[in-house]
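Okay, structure first, notes after.
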Amino acid sequence: MPIVDAQPGPFAFDPDSTALVVIDMQRDFLMPGGFGESLGNDVSQLRRTIEPLAALMTAWRGAGLPIIHTREGHLPDLSDCPPAKLNRGAPSMRIGDPGAFGRILIRGEYGHDIVDELQPLPGETVVDKPGKGAFYATDLSEILDKLGTKSLIVTGVTTEVCVHTTVREANDRGYECLVLADCVGSYFPEFQHVGLKMIAAQGGIFGWVASSPSVIAAIQE
Ligand code: C5J
């Protein structure tokens with residue numbers, strides 16, 4: 001069984017029961033000139049994940065293992081977006097408002113889709129989620145059950161929001177989660193640092209943390 005050097009200790013996984021989850025690598029969050037940047041965020045903090053993630057996805061696909069992509073977003077009539085979520089953010093720029101790449105975080109809009117460099121291949125699973133966590137109001141549990149998944153390699157953005165929420169949800173559901181520090185990103189360096197520390201703290205309170213080259217080496221052994 002491949003073993004990855006991780007925090008707080010070695011992470012062993014059976015590739016046949018492990019899925020790579022790529023969270024919300026969407027243009028609205030990552031593209032210069034887009035929604036994320038319009039809120040005053042430094043998108044380079046997220047964009048540094050694209051290159052290592054692309055290399056990991058190539059290796060993962062080469063090993064014939066499953067990739068699950070997620071996208072955060074809502075129906076055009078916003079019926080799946082509760083006021084508690086809709087009313088957050090700068091008043092001039094909310095979910096559903098017109099943005100540089102179409103209506104912000106609305107399914108079917110250009111900005112809602114995944115960046116060109118990390119586009120899913122035909123046949124790969126894409127989970128559209130209305131919440132921060134990938135399990136809430138989606139069929140992710142059923143998808144993973146069908147694959148026989150026990151462990152998740154978790155990547156994507158943002159570390160402290162959708163990655164954290166998904167890892168916590170996954171851990172509660174019994175999945176062992178390895179989060180890859182170079183393949184997750186936050187607009188805020190301090191949240192990136194502390195977000196990763198929180199996952200591996202207390203003996204790995206809800207997961208492990210490693211980096212992508214060690215996973216690539218493990219699946220190519
Ligand atoms: C946020 C996400 N940060 N994908 N979404 O609103 O983390």
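Annotation note: of 64, 9, the sole residue that is farther than 24 Å from residue 129 by Cα, touching a residue at least 60 places away in the same chain (Cβ under 8 Å) and over 15 Å from the mean Cα position of the chain (by Cα) is 9.
For (1) under 19 Å from residue 8 (Cβ atoms); (2) more than 16 Å from the ligand (Cβ to nearest atom), each residue gets a yes or a no:
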residue	(1), (2)
134	no, no
154	yes, no
194	yes, no
209	yes, yes
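Any idea which residue in the range 97-120 is surrounded by the fewest Cβ atoms within 10 Å (Cβ to Cβ), counting only those that are assigned to a loop (DSSP other than H, G, I, E, B) and touching a Pro at 6+ places or on another chain (Cβ under 8 Å)? Looking at residues that are assigned to a loop (DSSP other than H, G, I, E, B) and touching a Pro at 6+ places or on another chain (Cβ under 8 Å), I get 108. Each residue in the range 53-93 was checked for being open to solvent by 60 Å² or more (accessible area, probe 1.4 Å) and not hydroxyl-bearing (Ser, Thr, Tyr), and 12 of them qualify. A count restricted to the range 156-176 and to residues that are in contact with a Ser or Thr (Cβ under 9 Å, 6 or more places away or on another chain) and within 16 Å of the ligand (Cβ to nearest atom) stands at 10. Note on the range 25-44: residues that are open to solvent by 50 Å² or more (accessible area, probe 1.4 Å) and modelled with pLDDT of 95 or more total 3. Might you check whether a residue that is more than 19 Å from residue 124 (Cβ to Cβ), outside any loop (DSSP other than H, G, I, E, B), within 16 Å of the ligand (Cβ to nearest atom) and in contact with a Leu (Cβ under 8 Å, 6 or more places away or on another chain) occurs anywhere in the range 69-89? Within the range 69-89, one or more residues are more than 19 Å from residue 124 (Cβ to Cβ), outside any loop (DSSP other than H, G, I, E, B), within 16 Å of the ligand (Cβ to nearest atom) and in contact with a Leu (Cβ under 8 Å, 6 or more places away or on another chain).
Might you check whether a residue that is touching a Lys or Arg at 6+ places or on another chain (Cβ under 8 Å), of a type outside the set (Ser, Thr, Tyr) and farther than 19 Å from residue 212 by Cβ occurs anywhere in the range 141-154?
So the first thing to find is which residues in the range 141-154 are touching a Lys or Arg at 6+ places or on another chain (Cβ under 8 Å), and the list is 141.
Those left that are additionally of a type outside the set (Ser, Thr, Tyr): none.
No, that holds for no residue.
Being crowded, with 19+ Cβ neighbours inside 10 Å, farther than 22 Å from residue 41 by Cα and within 14 Å of the ligand (Cβ to nearest atom) is a description that does not apply to residue 200. Identify, please: which residue in the range 3-24 is touching a strand residue (DSSP E or B) at 6+ places or on another chain (Cβ under 8 Å) and open to solvent by 20 Å² or more (accessible area, probe 1.4 Å) and is, among those, nearest to residue 61 (Cα to Cα)? For the range 3-24, the residue satisfying everything is 14.
The values are calculated or read from the model by the stated rules, or taken from the named source; none is laboratory data. The structure presented is a predicted model; accordingly, all values stated were derived computationally and were not measured. Here Cβ is always computed from backbone atoms with ideal geometry, including for glycine, and neighbour counts include all displayed protein chains. When the accessible area is computed, the model is the full protein with side chains, heavy atoms only, and any ligands, DNA or RNA have been set aside. Shrake-Rupley method; radii C 1.70, N 1.55, O 1.52, S 1.80 Å.
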